[in-house]
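**Q** Please see the structure below; I have some questions.
Rule-based calculations on the coordinates, nothing more; no lab input. None of the values given here were measured: they were computed from a predicted structure. Because the Cβ atoms are built from the backbone with ideal geometry, glycine has one as well, and the counts that use them run over all protein chains shown.
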Amino acid sequence: MEFAVVGKRIPRHDAVSHVTGRTLYGVDIVRPRMLHARILRSPHAHARIVAVDVSRASRLPGVCAITAADVPCNRYGFTHVDQPVLADDRVRHRGDAVAAVAAPTPERADEALQAIKVEYEPLPAIFDPIAALGPDAPRVHGDTNVAARVNIRYGDIERGWQESHEIIEETFRTQMVEHCHLEPHAALAELDSRGVLTVHASVQRPFLIAADLSKILGLPMNRIRVIAAAVGGGFGGKNEITMEPIVCLLALKAGRPVKAVYSREEEFQATTVRHPYIITCRTGLKREGALVARQVSILSDTGAYVSWGAWTLSKASIHAAGPYNIPHVKTEGVLVYTNNCVGGAMRGFGVPQVAFAYESHTDTLAEAVGLDPVEFRLKNMMKDGCVLPTGQVLDKVTLQQTVVRAVGLARPEEDRTP
């Protein structure tokens, strides 16, 4: 069949503007009489805020300053409303925003930032997710560091262990990952004569940003317009609000457009990262290599705030057993607060971590029963009619054919036709 688009080389509609340099990214947007914003961040991983004094900064010519007292609704979050725009009572990681200024020039903004005085009372901090579960661990929020749990059961795991001829257990750790997109976060806010607040920002989800801004600023949605500039890399890191509420608050207070652009240091301090996971896989199998039971435990470090951590853990837990037909499955996921960087959305949304674990574990299992790793996978792979641990029945599963085709291209001398 001849297709008009599929299989054809279709020119990108934005290619010409990109290569000629006409594409406008967030950092490129400017306005007349625009002020430049700077954000003061906590040098402590965990501390109580005793006092914040912006009076000296506010007296500098043309400077506007804000603190938590200027935020109408100073908490936001997707599943857990736990993150402040500007820290009020406590800072919970090095990078928490405490105050912000806007000034006619970047140099004046830097000077104003230096003029702000903050008195902190340092508190014990926790950086290890395992230690965060201990009874004597410093509490990041409330009475427990456990932010969320996910439990999935399929079949009878105890029966699975009894039916297994061999049981193998391994633990894997994945690291924190920063998105490191070439373009830093940037946003510009301006209020027009109709009272509509327009935000130009490097964001991936403008309507989600607008909804959060509506709650934070106490403004109806019809008075907020978020325009997504061309995004110079996002990968999930521009999924949620960062400096947008701050430039909006400064623009409303100053009555002038306000723009902020993160430095590369701020990108590492103040934006979200891929969650570090500790994953334990315990698998029972028959002598000939058939999988019988699998138990997976996931400990996810969400950092100082939940952000997308609960949803990410949920997706990771759903996929934790891998694309294999296993009659008995038990998955337990735990999301914990620490005083580390905030975990958020990143490409794959929790699945790359568990995929690394279960595929590394699969190699160990294949070796244990003396099978080639590809042969072992083909033997246990899900096919039409298989049921996921969530109860979903699969059809049109082409995984086996895909693996056979991929191996055939990589190793043409081998024939693995099922």
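**Q** Would you mind estimating how fast the stretch 119-165 diffuses translationally, via Stokes-Einstein at 10 °C and 1.306 mPa s with the Kirkwood radius over Cα pairs, in µm²/s?
**A** Working: Rh = 14.3 Å.
This corresponds to a translational diffusion coefficient of 111 µm²/s.
**Q** Quote to one decimal, in nm, the extra length available between ASP192 and ASP384 on full extension: 0.36 nm per residue of separation minus the C-alpha distance between them.
**A** On the way: separation 192, 0.36 × 192 = 69.12 nm, distance 5.73 nm.
Between ASP192 and ASP384, full extension yields an extra 63.4 nm.
**Q** Hey, another quick one. Mind sorting VAL374, VAL140 by how few other Cβ atoms lie within 10 Å of their own Cβ, fewest first? List each step's numbers first, then the result.
**A** Details: VAL374 17, VAL140 27.
Fewest-to-most Cβ neighbours within 10 Å comes out as VAL374, VAL140.
**Q** Any idea how far apart LEU24 and GLU288 come out in nm if each label point goes 7 Å out from Cα toward Cβ?
**A** Distance between the two pseudo-spin positions: 6.7 nm.
**Q** Among ALA51, ALA65, ALA109, determine the one that fluctuates most according to a GNM of the chain built with springs between C-alpha atoms less than 10 Å apart.
**A** Top of the fluctuation ranking is ALA51.
**Q** Evaluate the distance, in nm, between pseudo-label points positioned 7 Å from the Cα of ALA368 and of ASP14 along their respective Cα→Cβ axes.
**A** 4.7 nm
**Q** Please arrange ARG38, ARG405 by counting, for each residue, the other beta carbons lying within 10 Å of its beta carbon, fewest first. List each step's numbers first, then the result.
**A** Details: ARG38 24, ARG405 12.
Result, fewest neighbours first: ARG405, ARG38.
**Q** Pop the C-beta distance of LEU399 and GLU158 into the FRET formula with R0 = 25 Å and round what comes out to the nearest 0.05. Mind dumping the intermediate values first?
**A** Details: r = 29 Å, r/R0 = 1.16.
FRET efficiency, LEU399 to GLU158: 0.30.
**Q** Out of ASN239, ASN339, ASN380, any idea which swings most in a Gaussian network model of the chain, alpha carbons joined below 10 Å?
**A** Of ASN239, ASN339, ASN380, the most mobile in the Gaussian network model is ASN380.
**Q** Hey, another quick one. Between SER55 and SER360, what is 0.36 nm times their sequence separation minus the Cα-Cα distance? Round to one decimal in nm.
**A** Values: separation 305, 0.36 × 305 = 109.80 nm, distance 5.68 nm.
Here the segment from SER55 to SER360 would lengthen by 104.1 nm.
**Q** Find the lysine pairs in the chain meeting two conditions, Cα atoms under 30 Å apart and a separation of 8 or more places or different chains, and report how many there are.
**A** Lysine pairs, 8 or more places apart or on different chains, close enough: 25.
**Q** Specify the inter-centroid distance of the stretch 59-124 and the stretch 223-278, based on alpha-carbon positions, in whole Å.
**A** Here the two parts' Cα centres lie 14 Å apart.
**Q** Turning to a different aspect of this structure: Hey, rough spin-label estimate for ILE167 and ALA69, points 7 angstrom out along Cα→Cβ, what's it come to in nanometres?
**A** Label-label distance for ILE167 and ALA69, simple model: 6.1 nm.
**Q** Where the eigenvalues come from the Cα gyration tensor of the chain, what are the semi-axes √(5λ) of the equivalent ellipsoid, largest first, in whole Å?
**A** With the √(5λ) rule applied to the chain, the semi-axes are 47, 28, 17 Å.
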